[in-house]
Amino acid sequence: MSNTYGSIFRITTFGESHGTAVGVIVDGCPAGLPITLEEIQAALDRRRPGQSKITTPRDEKDQVQILSGIFNGQTQGTPITLAVFNKDQASHDYSHIEKAYRPSHADYTYTAKYGSRDHRGGGRSSARETLARVAAGVLAQKFLALQGIQITAYVSQVGNIFAPADYTQMDLSQVDSTIVRCPHPKTAEAMIQLIEETRDKLDTVGGVVSCVVKGVPAGLGEPVFDKLHAELGKAMLSINAVKGFEYGSGFAGVSMYGSQHNDVFYTDDDGLVKTRTNHSGGIQGGISNGQDIYFKVAFKPVATILQPQTTIDQSGQEITLQGKGRHDPCVLPRAVPIVDAMAALVLADFVLRQRANRID
């Protein structure tokens, strides 16, 4: 089921970038969850194009409509359908690539798999599909908030510009205080400048979104194939332009000795089990241990650049291709709510699965 994700809290997304609409069907969301159209819209506004000078100027308001499953401000326990109808398509901007394979896009691979493709904005392979995930993620985040679980993603790197490595050194409530969504003001200024310079050179730049999850109880996750970190990795790697995922100490942990890396347990004054360090990133044996879960998601530079490049067409002939249309010079600011959403969808599913694992 390539368009469906989740076991109990399950989503199925639908639609194409330049089609009639993009949306999601959410099944398994518990009944009685209070939710408003405004809450869903607020999350989509964080992801939508045209929101600042460093994002694509495509003027989509991404106005969401609730088609089923929510009545009088509450979920009904029935399938929830949310849809956004496309308004500002400029399909003519893509006529020149109808038979061309753009470098580092899914044009060739989609053709190889399906025998045809929708070249308008990338069709189903477009990152516009992620608005459906963000809409569904609002429901998951609202459900998790009732469990005391809070998710915060932020931009921690653009190109070679890094925010402080330790998230505890920053005020994560300030993520939206800058257009680049980095909560470290000095770093944010440098990131914005780099993105603007890159855009002026008709190029693109990548970076990293970091995410912190607080309030996760011990015991979420499965011990073998559905390990919590494995599902988080799968969810993040399913996002367009993602090239890497690491949690806890990640690759840096290989340079440490076990005596340095081990997270020593202790009991605090309230009788709670905690660890003195958190190199494990809140997950051990594929199961949450009650500490903060933190991870990083690497995004490549946007593949569409407004510079001429050589490639081939469907007949195998070499051609020169230059990007047209409206594109992000850096996807990171708009990727933050997508990471939030996917983390929430994973954790909401595991919270519901855990209820089936014990009788107490």
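Computed from Cα positions, the angle between helix 228-237 and the longest principal axis of the chain comes to roughly 10 degrees. Couplings for the stretch 249-260, taken from phi via the Karplus curve 6.51 cos²θ - 1.76 cosθ + 1.60 with θ = phi - 60°, read 5, x, 5, 5, x, 5, 8, 9, 7, x, 5, 8 Hz in order; Gly and Pro are left as x.
Quick one: pull the percent of accessible area on the chain belonging to carbon and sulfur, 1.4 Å probe, ligands and nucleic acids left out. That share works out to 52 percent.
The tail of the calculated P(r) for the stretch 229-348, taken as Cα-Cα distances beyond 22 Å, holds 54 percent of the pairs. Full extension of the segment from Q150 to H279, taken as 0.36 nm per residue of separation minus the current Cα-Cα distance, would add 44.5 nm.
Please report how far the C-alpha centroid of the stretch 195-244 lies from that of the stretch 270-326, rounded to the nearest whole angstrom. After rounding, the separation between the Cα centres reads 5 Å.
Distance between the pseudo-spin-label points of K186 and T109 (7 Å out from Cα toward the beta carbon): 4.0 nm.
Here the Kirkwood formula, the inverse mean of 1/r across different C-alpha pairs, assigns the stretch 32-178 a hydrodynamic radius of 18.4 Å. Computed log10 I(q)/I(0) for the chain at 0.11, 0.13 Å⁻¹: -0.78, -1.08, from the Debye equation with unit scatterers placed on every C-alpha and solvent omitted. For G244, the amide hydrogen comes within under 5 Å of the amide hydrogens of A298, counting only partners 5 or more places away or on other chains and with H modelled in the peptide plane. Based on protein heavy atoms only, the stretch 254-360 ends up with 51 Å² per residue of surface accessible to a 1.4 Å probe. Determine the calculated [θ] at 222 nm for the chain from helices alone, applying -39500 (n - 2.57) to every DSSP H run no shorter than 4 residues and normalising by the residue count; nearest 500 deg cm²/dmol. Only helices count here, giving -8000 deg cm²/dmol.
Extension gain L306-A356, at 0.36 nm per residue separation less the Cα-Cα distance, in nm? Don't skip to the end; give the middle numbers.
Numbers: separation 50, 0.36 × 50 = 18.00 nm, distance 5.16 nm.
Extra length from L306 to A356 when fully extended: 12.8 nm.
Percent of Cα-Cα pairs more than 19 Å apart in the stretch 208-291, please. Could you put the intermediate results ahead of the total?
On the way: 1540 of 3486 pairs.
Of all Cα-Cα pairs in the stretch 208-291, 44 percent lie more than 19 Å apart.
Springs between Cα atoms under 10 Å define the GNM used for the chain, and in it the highest mean-square fluctuation of L33, L332, L146 occurs at L146.
The values are calculated or read from the model by the stated rules, or taken from the named source; none is laboratory data. Keep in mind the model is a prediction, meaning the values are calculated, not measured. Using ideal geometry, Cβ is built from the backbone for each residue, glycine included, and neighbour counts are taken over all protein chains shown. The protein model used for the area step is the full one, side chains on, heavy atoms only, and it has no ligands, DNA or RNA in it. Shrake-Rupley method; radii C 1.70, N 1.55, O 1.52, S 1.80 Å.
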